[in-house]
Amino acid sequence: MSRIGKLPISIPSGVNVDFKDNVVTVKGPKGELSQKVDPSIKVKVEDGQITFEVDENSPVNYKQKNAFHGLYRSLVNNMVVGVSEGYKKVLELVGVGYRVSNKGNLIEFALGYTHPIFIELPKEVKVETKSERNQNPLLILESCDKQLIGLICAKIRSFRKPEPYKGKGILFQGEVIRRKSGKSASAK
């Protein structure tokens, strides 16, 4: 049995959880999410809690069932937190001349390339940009879907990965880059 899979998920007020045909659907004030669950995992929604159990009679091997047990518990927990509280990621653009602006869900980046980079976000993600004098530009992303917001952040960071020599790139706010010294003068 998975240690994480054994933990029950408490359902906050205002959140509705439904399990039908191996699909868990979670509805809340921030949105609606659904996740297909492997048939080797039994899901029970009762008394304001969601519990997950391994089906011992399924043909899936023992290690795989235990892995699924923890996986689906974590995925459903992320969904419950997402529809009740939501997820927020703040990206900081560190570099001379790096800028970001948005019009609705279309984001425009100026990252030192010869051309601007445009990316259109899905409607489930809310975006906000902040540019203040003598401060690094900020990109604030909010969504109820943790997987989607993580995927978008990874895509945006791939435009200018943080580099250890000058510390430039697209970073999460508060992220610390371990700096390298670069070339050192040779001793004679």
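Could you list, in sequence order, all residues of the stretch 2-45 that are in contact with a Gly (Cβ under 7 Å, 6 or more places away or on another chain) and under 24 Å from G86 (Cα atoms)?
I4, G5, S10, I11, G14, V15, G28, P29, K30, L33 - these are the residues of the stretch 2-45 that are in contact with a Gly (Cβ under 7 Å, 6 or more places away or on another chain) and under 24 Å from G86 (Cα atoms).
Take the residues in the stretch 53-84 that are in contact with a helix residue (DSSP H, G or I) (Cβ under 8 Å, 6 or more places away or on another chain) and small (G, A, S); name whichever of them is farthest from G31 (Cα to Cα).
Only one residue tops the list, namely S58.
Examine the stretch 107-115 for a residue that is β-branched (V, I, T) and exposed (fewer than 14 other Cβ atoms within 10 Å of the Cβ), and state whether such a residue exists.
Scanning the stretch 107-115 turns up at least one residue that is β-branched (V, I, T) and exposed (fewer than 14 other Cβ atoms within 10 Å of the Cβ).
Does the stretch 53-60 contain at least one residue that is assigned to a strand (DSSP E or B), of a type outside the set (G, A, S) and surrounded by 15 or more Cβ atoms within 10 Å (Cβ to Cβ)?
Yes, the conditions are met somewhere in the stretch 53-60.
Which pairs turn up if I take residues in the stretch 15-31 that are free of Cβ contacts under 8 Å to residues at least 24 places away in the same chain and closer than 18 Å to E142 by Cβ and look for partners that are assigned to a strand (DSSP E or B) and open to solvent by less than 100 Å² (accessible area, probe 1.4 Å) with beta carbon separation below 7 Å, at least 6 apart in sequence or on another chain?
none
Quick one: which residue in I152, I156 is open to solvent by less than 30 Å² (accessible area, probe 1.4 Å) and either farther than 21 Å from Q35 by Cβ or among the charged types (D, E, K, R) (or both)?
I156
State the number of residues belonging to the stretch 3-22 that are within 23 Å of the chain's Cα centre (by Cα) and open to solvent by less than 70 Å² (accessible area, probe 1.4 Å).
Total satisfying the criteria: 8.
Within the stretch 23-52, can you find the residues that are open to solvent by 70 Å² or more (accessible area, probe 1.4 Å) and on the phi < 0 side of the Ramachandran plot? Explain how you work it out, then say what you get.
Step one: list which residues in the stretch 23-52 are open to solvent by 70 Å² or more (accessible area, probe 1.4 Å), which gives 27, 29-30, 32, 34, 36, 39, 42, 44, 46-47, 49.
K27, P29, K30, E32, S34, K36, P39, K42, K44, E46, Q49 - these are the residues of the stretch 23-52 that are open to solvent by 70 Å² or more (accessible area, probe 1.4 Å) and on the phi < 0 side of the Ramachandran plot.
Go through the stretch 88-137 and tell me which strands (runs of 3 or more DSSP E), entirely inside it, have 3 or more residues that are modelled with pLDDT under 95 and touching a helix residue (DSSP H, G or I) at 6+ places or on another chain (Cβ under 9 Å).
Here the list is empty.
The values are calculated or read from the model by the stated rules, or taken from the named source; none is laboratory data. Everything numeric here is computed off the predicted structure, so don't read it as measured data. With ideal geometry, Cβ positions are generated from the backbone for all residues, glycine too; neighbour counts draw on all protein chains shown. Protein only, heavy atoms only, side chains kept; ligands, DNA and RNA dropped before computing areas. Shrake-Rupley method; radii C 1.70, N 1.55, O 1.52, S 1.80 Å.
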